[in-house]
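Rule-based calculations on the coordinates, nothing more; no lab input. Since the structure is predicted, the reported quantities are computational estimates derived from the model, not experimental observations. Using ideal geometry, Cβ is built from the backbone for each residue, glycine included, and neighbour counts are taken over all protein chains shown.
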Amino acid sequence: MTKKKKYSLKTVQEVYSYWGKSLLSYKIGVCFFGYNNHLRRQVVENLKLRKGDTVLDLACGPGLMFNLLQEKIGSKGKIIGVDYVDEMIKQCKKLVKKNKWKNIVLLKQDAAKLKLKNNSLDGIISIIGLSAVPNHKAAIRKCCSALKKGKRLVVLDGKEFRKPFRILNPLFKLLRWSKSYEKKDLITDIKTIFRNIKVKEYLLGSTFIAVAIKK
């Protein structure tokens, strides 16, 4: 019997470096079956950001959320984009340069070892990000520490289809970006740390937006 390969940061680098080099394939892979724009806007709306706020895009990928975040925080606000994969950071840098944004800081870090000041952030988002972090519980704790009281972590991610659509779950094995999510119960783990959490499901229960507020 072949021993299953342990999901690690090395795996993250291997899988997501491919997506970073093939941006079109990445966009197709996270299209949410046509609900992409709607879901992403829902994430940003749930943050309740204001002009001048500082927001973290955790596992930011190629920076697909930057435009929407800029609309909310304005030029006096600040976006911190964190990703572990070199190719994703490179894509972000290209995007920042193209748009001449001066208020974005990009960090190559493991989300489980975030080096951010406590109570310093006005919001955090993660789009198909936490499911890709090997030590996701540590990442959630880091997020909670970095948020100001009353501010929000909003997570858009995937999970298995609920009944009667569970027969479709094997399809997710074909999606490389979701190869680790089945090992995690993100909703429960976020609730354990934040306690105050609201969840809304989409796409037959295979996708969710979780809004957690720091008390």
## Note on the structure
Subtracting the Cα-Cα distance of residue 101 and residue 137 from 0.36 nm times their residue separation yields 9.8 nm
#### Entry: Net charge of Cβ neighbours under 10 Å - reference residue 145; Lys, Arg +1; Asp, Glu -1
+4
### Message
My understanding is that a pair violates if its Cα-Cα distance is over 32 Å; which of 100/200; 98/214; 108/200 do that in this structure?
### Response
100/200; 98/214
